[in-house]
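Written out below as structure tokens is the structure these notes cover.
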Amino acid sequence: MTAPRLLVLELDSADPLGTLDGWLTDAGAELDVVRAFEQPVPPTLDGYQGLICLGGNMGALDDLEFPWLADVRKLLSQSVAKRVPALAICLGSQLLAVATGGQARRGPKGPEVGVMLVAKRDVSSRDPLFAELPWTPDVFQFHEDEVHVLPPSAEHLAASPKYDNQAFRVGESAYGLQFHIETTPDVVLNWALNSPDAAATARPGTFDAERLAEAHADIAEVWQPFAERFVRLTRGELEPAGHVGFELPLV
């Protein structure tokens, strides 16, 4: 079976693909990584079966300083229009929202940082990627901006007490995750070092090495199967949301 080819957009050198690299390739995907801050962003998704858009330290509309953000938003919009599965994380989720009619802003309740739980919404039980997740999966949060208004007709899939729009789907298969599932302890410690004011809002002990290792093991247990389901979606083995049944019959 041909490996699905996924375009991976890295928006910031401090937020690499991390654990998703191994999860996606182990599931059979071929990854084409483009560092948008130093390489041209492809103009279309032609030749790709999926899109991954990672996070970064800038805002979703900071085009004056980062003009290539407009090209990223165009690709995210294109993923919805062409029904190419997309997974957009943190800043990526904010870019997906803005690209499809939603709004992002600086979070009025301050930073959300640390190992936390999000709660699935009832509608997630009908989603091919979210249905099998536990109702309160572990995630890692490190953000100051939020998706303030979801795009029209978006499905709201998960929330947290501090910021409601933690996960959503636009169209059949474009997913936004405000939280992180791809981090490693080293990546998190680097963020804390470079954003000390935000890191100071986390609970005491959040950045202890042993706690971070345990937390990432818990995150992997839940989200590696999620990443594998995303690859199956790009391969056509899972039906997108809105279809009857999630799995195609085996032949």
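The values are calculated or read from the model by the stated rules, or taken from the named source; none is laboratory data. Everything numeric here is computed off the predicted structure, so don't read it as measured data. Note: ideal-geometry Cβ built from the backbone for every residue, glycine included; neighbour counts use all protein chains shown. All accessible areas refer to the heavy atoms of the entire protein, side chains included, with ligands and DNA or RNA removed. Shrake-Rupley method; radii C 1.70, N 1.55, O 1.52, S 1.80 Å.
For first residues located in segment 213-224 and within 12 Å of residue 183 (Cα to Cα), partners that are among the aliphatic types (A, V, I, L, M) and buried (at least 16 other Cβ atoms within 10 Å of the Cβ) and lie 6+ apart or on another chain with Cβ distances below 7 Å form the pairs 215/115; 219/139; 219/181; 223/181. Count of segment 13-50 residues, restricted to those that are open to solvent by 30 Å² or more (accessible area, probe 1.4 Å), over 20 Å from residue 232 (Cα atoms), among the charged types (D, E, K, R) and in contact (Cβ under 8 Å) with a residue 24 or more places away in the chain, is 1. For segment 121-137, a residue qualifies if it is in a loop (DSSP other than H, G, I, E, B) and hydrophobic (A, V, I, L, M, F, W, C), and the qualifying residues are 129, 130, 131, 133, 135. Within segment 180-207, the set of residues being open to solvent by 20 Å² or more (accessible area, probe 1.4 Å), of a type in the set (D, E, K, R) and closer than 21 Å to residue 218 by Cβ comprises 186, 203.
For segment 121-144, a tally of residues being farther than 17 Å from residue 227 by Cβ and either free of Cβ contacts under 8 Å to residues at least 60 places away in the same chain or open to solvent by less than 30 Å² (accessible area, probe 1.4 Å) (or both) returns 10. If you filter segment 1-12 down to residues that are over 25 Å from residue 141 (Cα atoms) and surrounded by fewer than 22 Cβ atoms within 10 Å (Cβ to Cβ), you find that the one that is modelled with the highest pLDDT is 5. Close Cβ contacts (under 8 Å, 6 or more residues apart or on different chains) running from residues in segment 1-12 that are more than 16 Å from residue 73 (Cβ to Cβ) and in contact (Cβ under 8 Å) with a residue 24 or more places away in the chain to residues that are of a type in the set (S, T, N, Q) and not in a loop (DSSP other than H, G, I, E, B) comprise 4/234; 6/234.
In this structure, residue 93 does satisfy being of a type in the set (Ser, Thr, Tyr) and open to solvent by less than 40 Å² (accessible area, probe 1.4 Å). The C-beta contact set for segment 67-94 (first residue free of Cβ contacts under 8 Å to residues at least 24 places away in the same chain, second residue open to solvent by less than 40 Å² (accessible area, probe 1.4 Å) and of a type in the set (Lys, Arg), distance under 6 angstrom, 6+ apart or interchain) is empty.
Just one of the listed residues (115, 123, 139) is out of contact with any Pro (no Cβ under 6 Å at 6 or more places or on another chain) and farther than 23 Å from residue 233 by Cα, namely 115.
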